[in-house]
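Enquirer: The structure that follows is given in the form of C-alpha cells.
The values are calculated or read from the model by the stated rules, or taken from the named source; none is laboratory data. Only a predicted model underlies this, so the values are computations on that prediction, with no experimental measurement involved. Note that each Cβ is placed from the backbone with ideal geometry, even for glycine, and that neighbours are counted across all protein chains shown. Heads up: the accessible areas ignore ligands, DNA and RNA and are worked out on the full protein's heavy atoms, side chains in. Shrake-Rupley method; radii C 1.70, N 1.55, O 1.52, S 1.80 Å.
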Amino acid sequence: MLVRGVVQGVGFRPFVFRLAHETELAGFIGNNTDGVTIEIEGAEPRLREFLSRLRSDAPPMARIDSVTIEEQIPTGESEFRIISSQVLGQVSTGIPADAATCSDCLRELLDPGDRRYRYPFINCTNCGPRFTITRRIPYDRPQTSMAVFPMCSQCQAEYDDPLNRRFHAQPNACWVCGPKVWLADAAGNEIAADDPITKCIDRLMAGEIVAIKGIGGFHLAVDATNERAVMRLRQRKHRYGKPLAVMVRDIGVAREICELMSKEEALMLTPARSIVLARARESNGIAPSVAPGIPWLGAYLPYAPLQHLLFADFRVRALVMTSANLSEEPIAIDNDEARERLKDIADAFLLHNREILQRCDDSVQAVVDGAPQIIRRARGFVPLAVDLPMEAPPLLAVGGHLKSVFALARGQYVHQSQHLGDLENLTGLEFFEHSLDHLMRTFEIQPQTVVHDLHPGYLSTSWAKKWAGARGLPLIGVQHHHAHIAGCMAEHRIDGPVIGLSLDGTGYGTDGRIWGGEVLIARLDSFERFAHLDYVPMPGGDAAVREPWRMALAHLHAAGFEAASPGMLKLVGATEKEARLLMRMMERGVNAPLTSSLGRLFDAVAAVVLNQRVVDYEAQAAIELEGVAVDEPDDGGGYEVPLHAGDWQKREPLVMKVAPLWEELLRDLKGGMSSARIGARFHAGMANAFVRASEAARSATSIGAVAMSGGVMHNRRLARLMRAKLEAQGFRVYQHRRVSPGDGGLSYGQAASAAAMLAKASSEPVDSSQ
C-alpha cells in the first residue's frame, strides 16, 4: 500500500513498525518520493485491525491524505522490517513543518539525571526543526543541515532502534556530537562563559538587546517588562508603532497578561506555537510601548529547547521576541549575516552552529468570529500543502506585493511559501527567489503556467512576466479581489457561484481603478462586479496609505463638505497649504487615482475620530479604530450607507454611497459622542451596507451563498457582525480557516482560479471548422 501525506520525519515508520508487531503481521515499510510504501501480510482480521489503527493511532505530527491499497500474492515474510529510503518518481510527499518541543523532550531537558539535561537542541520524532533545516525530499539526515554532525554511538543507537522515540529523528544529537551554543558581544567576539544561556539572561535582565538564533531565524529579544529596553529596541529597529510579540514562560503567565478564551489557549498550545492575538489585561506588567494604542497583545509560548532554557530561569517571565531585521527586511538566519545586519541594534548575540537553511518567521493567528484565523502563515505550517477542489497542472502563483507569499500547485495540492514580507526591495526579491528555488527543488515542480496579479506596478507582476518570458511559459492574470474570493471558495471546495464580499485596502480593478469594497458574483474561473463602495480620489497615491488625513480630506470633499475650511482642516489635522495642494490634485486628477477601498475608508474615519494623521505600519488606523470600539455592544445603530441602484441587466454595478455616513458621523462628533461609540456605529453601518448589497445580489441572481475575504476580514468586530447579519437573512456564509483572508492567502486563490480556468479551457469542445 502507498500512504501519502505528511508521513516522513514524524515518527510514522516506527509507529507502523510497532503496529505491525502488535498485530502480528510481517512485511516492510520504506520512505519514497511519493510518501511511504507498506507491504504487509498475515491473517485477515489482523490486516483489518492494522488498516483501522493506521489512521486512528497515527503520530500527532502525521497527516494521512490517502491510502492506496493493492492486493498482492503473499511472499512468506516472517518479520516486519524498515527498509532504506528510495528516490524515484515524482515527489508527492511533504516535508513536515517545524514543531514545538514535545512534553517528553521537555521533561528530559529539565531533568538533571538525563544525558541531555539542558541541551539546547534536544528533539525526537515528535518535535523539533524540520522544514527550516531541510534541503530536499526525501527527509533524511544527509538532506538536512545536521549532515555535518556525525552521531555519537549513543545517539546512533537511538536512531537505529525502531522502538526508540528517536528512531530516524534526523536532527537527533546530544552534548557529545551535536550543535553548540555560545554568546558573543556586539562585535561578534565570543564571550567566555560556562553557561552562555545564563549569561544571556543576565544581559537581558540588565536591559540589553540580545539577538538570539532560533529555529527559522534570529529574534531580537528584550525584557518585556522593561519600558526603557523596549523603547531602545524600537528606536534601533526603526519600528516605532507596530506591536511587538511577547513570548511568555508558560500558559499560566499567558493567562496573567491576557484575557484568554479557551480557543485562544488551544491555539497557543498547538505544535505550531503561533503568536496568538488576544485581549491584554490591564496592569499586566508588560511595558506600555510593546503594543501601544490597541487592546490586544501578540503572545506565544516557547517552542525551541533554547527558549525553554531561557524561561527556566526564575527571573524571566516575558520577553519581547521580534523578528531580527530592520523594518520590512527578511529575517536574518546566518551568524555572519546577523552580526553584520544587526550590529547597530543588538548589544549581544546568542549564537549556535546548526545552519538554518530556510528563513521562516513565527506564524500569527487570532480567534475571529469564534474560529481560528491565520494572519501570517509561516513556521509550524509551511510547507504543509493545502488541497484544491480540482486537479491543477504544475503552476506558479506569485501572489501580490505586500505580505508576499507565492504558491506552487500540482495535482490537488498547493504548497504556499512561508511569509516573505513586502516585495519592495532587492533583499525581499532575493528571499522570494531563494524560497521559490527551494520549494521547486523540494517538490520537483516545474511550473507550466505562471499566475500573477493584474496590478502593473507590482514587483511580483513584472517579475512573473520576466521569469515566464525567459522560459516561454504562458501567463494568467487574476484580478486581486477575485483571487481573494476564489481562495475562500477553494478552501470550502465549492465552485460557485457565490456572492463574494472582497474587502481590503488596495487592489487593481479591471477598470484601472483601485478597488477594495467589492460585492462580486464569483465562480472559481470568473467573476462579475455587482456592487462597490463609491469612488473617491486617493490624493498622493501610496502617500494616502501612509497619511490617513489625505483620505479623510478626500472623503469629506466628495461628501460635499468644504474640506479646506478651518473646521475641516482642524478635524483632519492638515494645514491650509496641504489642503489646497490636495484639492488641486483631486480636481485635476493628478496622482489621485480613484478608489472604492473599504480599508481606505477605515483610514479616513480613524483620521477624523482618532486624530490619526499618519501611520507607522500598514492598517494601523483601521486596527486602532477597531480597538477603540472593542467594549461597545453590538446593538445596531449603524450609519446609513444607501445603495444607489445600477442596472444589473446591463451589468452596471450598484454603488454604496458613503456621503450620508459622513453627515451622521460629523453630527455625532460635534454632539460629543465618544470615539468608541462612533467606531461601533461605523462598523455596524459597514456590516449593514454589505448585507443589504448581498440581499440585492440574491434578488438579482438567486444565489444564497456568501464568501467573505480580503484583509479587512481580519477585523474581528466586522467579521462577526457581517456573518451574524448574513445568517439572520438566510445566507450560507463561508470564511477562511486554512489560509489568510489577507494578501498572505492571495497566491492560493490565484492558483485555484487559474486551475479552474485551465480545466474549463481543456474541457471546451474544439470546433474543427475553425
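Enquirer: For segment 390-423, how many residues are open to solvent by 30 Å² or more (accessible area, probe 1.4 Å) and in a loop (DSSP other than H, G, I, E, B)?
Expert: 4
Enquirer: Continuing with the same structure: Every residue in segment 8-41 that is hydroxyl-bearing (Ser, Thr, Tyr) and under 23 Å from residue 383 (Cβ atoms), please.
Expert: Answer for segment 8-41, where residues must be hydroxyl-bearing (Ser, Thr, Tyr) and under 23 Å from residue 383 (Cβ atoms): 33, 37.
Enquirer: Looking at 552, 563, which one is part of a loop (DSSP other than H, G, I, E, B), of a type in the set (A, V, I, L, M, F, W, C) and surrounded by 20 or more Cβ atoms within 10 Å (Cβ to Cβ)?
Expert: Going through 552, 563 in turn, just one is part of a loop (DSSP other than H, G, I, E, B), of a type in the set (A, V, I, L, M, F, W, C) and surrounded by 20 or more Cβ atoms within 10 Å (Cβ to Cβ): 563.
Enquirer: Among (1) within 22 Å of residue 441 (Cβ to Cβ); (2) part of a loop (DSSP other than H, G, I, E, B); (3) open to solvent by 30 Å² or more (accessible area, probe 1.4 Å), which single condition is residue 382 missing?
Expert: (3)
Enquirer: Just checking, how many residues over segment 4-33 are open to solvent by less than 20 Å² (accessible area, probe 1.4 Å) and more than 20 Å from residue 130 (Cα to Cα)?
Expert: 8
Enquirer: Please go through segment 331-367 and pick out each residue that is in contact with a strand residue (DSSP E or B) (Cβ under 9 Å, 6 or more places away or on another chain) and closer than 26 Å to residue 741 by Cα.
Expert: 331, 358, 360, 361, 362, 363, 364, 365, 366, 367, listed by residue number.
Enquirer: Hey, another quick one. Looking at 706, 691 in this structure, which one is buried (at least 24 other Cβ atoms within 10 Å of the Cβ), over 28 Å from residue 450 (Cβ atoms) and either among the β-branched types (Val, Ile, Thr) or free of Cβ contacts under 8 Å to residues at least 24 places away in the same chain (or both)?
Expert: Checking each option against the conditions leaves just 706.
Enquirer: Out of curiosity, is residue 499 under 24 Å from the mean Cα position of the chain (by Cα) and either open to solvent by less than 10 Å² (accessible area, probe 1.4 Å) or within 23 Å of residue 644 (Cα to Cα) (or both)?
Expert: Taking the combined requirement at face value, the residue does not satisfy it.
Enquirer: Mind listing whichever residues of segment 285-306 are part of a loop (DSSP other than H, G, I, E, B), within 30 Å of residue 354 (Cα to Cα) and touching a helix residue (DSSP H, G or I) at 6+ places or on another chain (Cβ under 7 Å)?
Expert: If the condition is that a residue be part of a loop (DSSP other than H, G, I, E, B), within 30 Å of residue 354 (Cα to Cα) and touching a helix residue (DSSP H, G or I) at 6+ places or on another chain (Cβ under 7 Å), then 301, 302 are the ones that fit.
Enquirer: What single numbered condition from (1) under 30 Å from the mean Cα position of the chain (by Cα); (2) open to solvent by less than 50 Å² (accessible area, probe 1.4 Å) fails to hold for residue 697?
Expert: Residue 697 satisfies all of (1) under 30 Å from the mean Cα position of the chain (by Cα); (2) open to solvent by less than 50 Å² (accessible area, probe 1.4 Å) except (1).
Enquirer: Could you list, in sequence order, all residues of segment 434-455 that are modelled with pLDDT of 95 or more and not in a helix (DSSP H, G or I)?
Expert: 446, 447, 448, 449, 450, 451, 452, 453, 454, 455, listed by residue number.
Enquirer: Enumerate the pairs (first residue in segment 275-289 and open to solvent by 40 Å² or more (accessible area, probe 1.4 Å); second residue anywhere and of a type in the set (D, E, K, R)) with beta-carbon separation below 7 Å, excluding pairs fewer than 6 apart on the same chain, so at least 6 apart or on different chains.
Expert: These pairs meet every condition: 279/259; 281/259; 288/227.
Enquirer: Being under 30 Å from residue 198 (Cβ atoms), at pLDDT 95 or above and β-branched (Val, Ile, Thr): is that true of residue 374 here?
Expert: No.
Enquirer: Which condition breaks for residue 448 when tested against (1) without any contact (Cβ under 8 Å) to a residue 40 or more places away in the chain; (2) open to solvent by 30 Å² or more (accessible area, probe 1.4 Å)?
Expert: Just one mismatch for residue 448, condition (1).
Enquirer: Something else: Of all residues in segment 579-628, which are more than 20 Å from residue 507 (Cα to Cα) and without any contact (Cβ under 8 Å) to a residue 24 or more places away in the chain?
Expert: Scanning segment 579-628 gives 580, 581, 584, 587, 588.
Listed here are the residues, each with its yes/no results for (1) under 15 Å from residue 347 (Cβ atoms); (2) at pLDDT 95 or above; (3) buried (at least 16 other Cβ atoms within 10 Å of the Cβ); (4) of a type in the set (D, E, K, R).
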position: 163; (1), (2), (3), (4): no, no, no, no
position: 176; (1), (2), (3), (4): no, yes, no, no
position: 209; (1), (2), (3), (4): yes, yes, yes, no
position: 224; (1), (2), (3), (4): no, yes, yes, no
position: 239; (1), (2), (3), (4): no, no, yes, yes
position: 254; (1), (2), (3), (4): no, yes, yes, no
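Enquirer: Check residue 273 against each of (1) under 27 Å from residue 629 (Cβ atoms); (2) modelled with pLDDT of 95 or more; (3) touching a Pro at 6+ places or on another chain (Cβ under 8 Å) and name the one condition it does not meet.
Expert: Unmet condition: (1).
Enquirer: Any chance you could count how many residues in segment 313-324 are open to solvent by less than 10 Å² (accessible area, probe 1.4 Å) and in a loop (DSSP other than H, G, I, E, B)?
Expert: Residues that pass the stated criteria total 2.
Enquirer: Give the number of residues within segment 579-614 that are buried (at least 18 other Cβ atoms within 10 Å of the Cβ), in a helix (DSSP H, G or I) and not hydrophobic (A, V, I, L, M, F, W, C).
Expert: Count: 3.
Enquirer: List pairs: first in segment 48-74 and under 21 Å from residue 14 (Cβ atoms), second surrounded by fewer than 15 Cβ atoms within 10 Å (Cβ to Cβ), Cβ under 6 Å, 6+ apart or cross-chain?
Expert: 64/55
Enquirer: Next question. Taking the condition of being part of a loop (DSSP other than H, G, I, E, B) and modelled with pLDDT of 90 or more, how many residues in segment 2-38 meet it?
Expert: 3
Enquirer: Counting only residues that are farther than 13 Å from residue 331 by Cα, of a type outside the set (Phe, Trp, Tyr) and open to solvent by less than 10 Å² (accessible area, probe 1.4 Å), how many does segment 349-362 have?
Expert: 3
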